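No lab work stands behind these numbers, since they all come straight from the coordinates. Just so you know, these numbers come straight off a predicted model, no measurement behind them. Heads up, the Cβs are rebuilt from the backbone with ideal geometry, glycines too, and the neighbour counts pull from every protein chain shown.
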Amino acid sequence: MNDLPQKYKEMSDGEVYAAIRQARQTLGERLTILGHHYQSDEVIQFADFRGDSLELSRQAAQATRAEYIVFCGVHFMAETAAILCQPSQMVIQPVIEALCPMASMADAEEAAAAWDALSPLWDGDLLPLTYQNSVADIKAFVGKQGGAVCTSSNAAQLFQWAFSQKGHVLFMPDEHLGTNTALAMGIPHARIGIWNPLRPPQVESLAGCQVIVWKGFCSVHTCFRPEDVDEARANYPDALVVVHPECKHEVVAKADLSGSTTGIIRAVEQAPAGSTVIVGTEWHLVNRLAETYPDKRVLPLRRSECRTMAMTTARDLLYALDGILSGTPHNIVTVDEDTAAWARVALERMLRG
Ligand code: 13P
Ligand code: SF4
């Protein structure tokens, strides 16, 4: 939450919601509100479009009519929108301090050091891929080196594309999405190496690897344990267990399905009435799915919340809209043009796919 002016703190929820509705009506087509599925109900109810990372990127690139794109999510998502939108558009993140901790686990300097160490190992036969959950500098680095961005819904596709270009892949910054994707493609553990930027390994020890994954992680998803799946199955033997690919491989291996946020939503949608679905992802989404499908039993694998996603409240959204209405927008997300140009190259390689 921002350090909000007192007036917002004194308003009741009902007054806040009514004021947001009024602001949206006043701004009309000049405004598009985008919201990630992990946002709280009080915020997501106002999104013109809600989606996972990939869908929101597409939406940001397509929402060309709106003068203002208000992005309710974390910073790398709003930054991506700022890179993909038109120069005449403004991206506003109601709480600009809402950073994804995983995205902060790799910076361009560390990526360059890894690249300089690894690339000669295979005479340049190496391509970088970055998860969308990364800072703009990393996307730009990847774009410059011929690589692309991926999200959890198209990682397998982008890995296939990368291997059609080069023999080896450096994947940043999520060890688990990288490992799960490589294993699902049939690349064995022995050919997946880990790059810890804080303690880089001896590069020669990685010579036999096909994929190098960066040692970054999402604490919201790595908190799920294989024992949680065992316990869920013991309690609900017929349940479908669905988890996000940011979970550790031991958890993914025990689940029935692993899928991006949208993949998880589809799995719950398609489950028959009366069935039990146990979901290993961010709790706000699991809770919303449980409310949306009262004819099914939707349970969290364990309660795990993304604190930075939860930083944005309806009051912050109203404060952002009031800023637009008063002609002094705040929390404007910008990316310098050189970085944006290369990051756009990496993002467009993904969006073309
Ligand atoms: P997706 O929206 O790609 O499923 O990513 C999940 C996530 O952790 C977003 O921060
Ligand atoms: Fe980052 Fe994980 Fe939160 Fe997504 S859920 S924003 S990856 S910390």
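Here are the numbers for the structure shown:
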read-out	value
Where only C-alpha atoms are counted, convex hull volume of the chain per residue in Å³	139
Choice from Ala234, Ala66, Ala111 with maximal GNM fluctuation in the chain (Cα, 10 Å cutoff)	Ala234
Pair Arg302, Gln45: separation of 7 Å Cα→Cβ label points (nm)	3.2
Span per principal axis, largest first, for the Cα atoms of region 21-67 (Å)	28, 26, 9
Reciprocal of mean inverse Cα separation for region 173-212 (Kirkwood radius, Å)	10.5
Residue-averaged 222 nm ellipticity for the chain, from DSSP H runs of 4+ at -39500 (n - 2.57), nearest 500	-12500 deg cm²/dmol
Stretch gain in nm, segment His189-Tyr236, where the contour uses 0.36 nm per residue and the Cα spacing is subtracted	13.8 nm
Full-stretch length increase - Glu204, Leu257 - with 0.36 nm per residue and alpha-carbon distance subtracted	15.5 nm
Intensity falloff of region 311-351 expressed as log10 I(q)/I(0), Debye formula with alpha-carbon point scatterers, at q = 0.20, 0.26, 0.35 Å⁻¹	-0.71, -0.78, -1.14
Whole-Å semi-axes of region 235-309's equivalent ellipsoid (Cα gyration tensor)	18, 15, 11
Separation in nanometres of the label points that stand 7 Å from Cα toward Cβ, at Glu97 and Ser164	4.5
Around Phe159: net Lys/Arg minus Asp/Glu count, Cβ-Cβ under 14 Å	+2
Per residue convex hull volume, Cα atoms of region 157-196, in Å³	72
Reachable aspartates and glutamates, given that their alpha-carbon falls under 12 Å from the alpha-carbon of Lys254 and they are not under 8 places away in the same chain	Glu227, Asp228, Asp230, Glu231
Eligible lysines near Lys296 by straight Cα distance, threshold 17 Å, same-chain separation 8 or greater	none
Cα point-scatterer Debye curve for region 159-235, base-10 log of I(q)/I(0) at q = 0.16, 0.24, 0.26 Å⁻¹	-0.66, -1.12, -1.23
FRET efficiency, 1/(1 + (r/R0)^6) with R0 25 Å, evaluated for Gln157 and Gln62 via beta carbons	0.80
Karplus 3J(HN,Hα) series, Hz, for region 279-285 with 6.51 cos²θ - 1.76 cosθ + 1.60 (x for Gly, Pro)	10, x, 7, 4, 5, 4, 5
Estimated FRET transfer efficiency when R0 is 25 angstrom, pair Lys7-Leu325 (beta carbons, to 0.05)	0.95
Full-extension gain in nm, Glu29 to Ala117, via 0.36 nm per residue minus C-alpha separation	26.7 nm
Local net charge near Pro197, Cβ-Cβ under 12 Å (Lys/Arg +1, Asp/Glu -1)	-2
Centroid-to-centroid separation of region 287-353 and region 20-92 [C-alpha atoms, Å]	8
Pair Glu348, Ala18: separation of 7 Å Cα→Cβ label points (nm)	4.8
Set of lysines with alpha-carbon distance to Lys166 below 27 Å, sequence-local pairs under 8 removed	Lys139, Lys144, Lys215, Lys248
Radius, Kirkwood style, for region 15-117 when every pair of distinct Cα atoms is counted (Å)	14.7
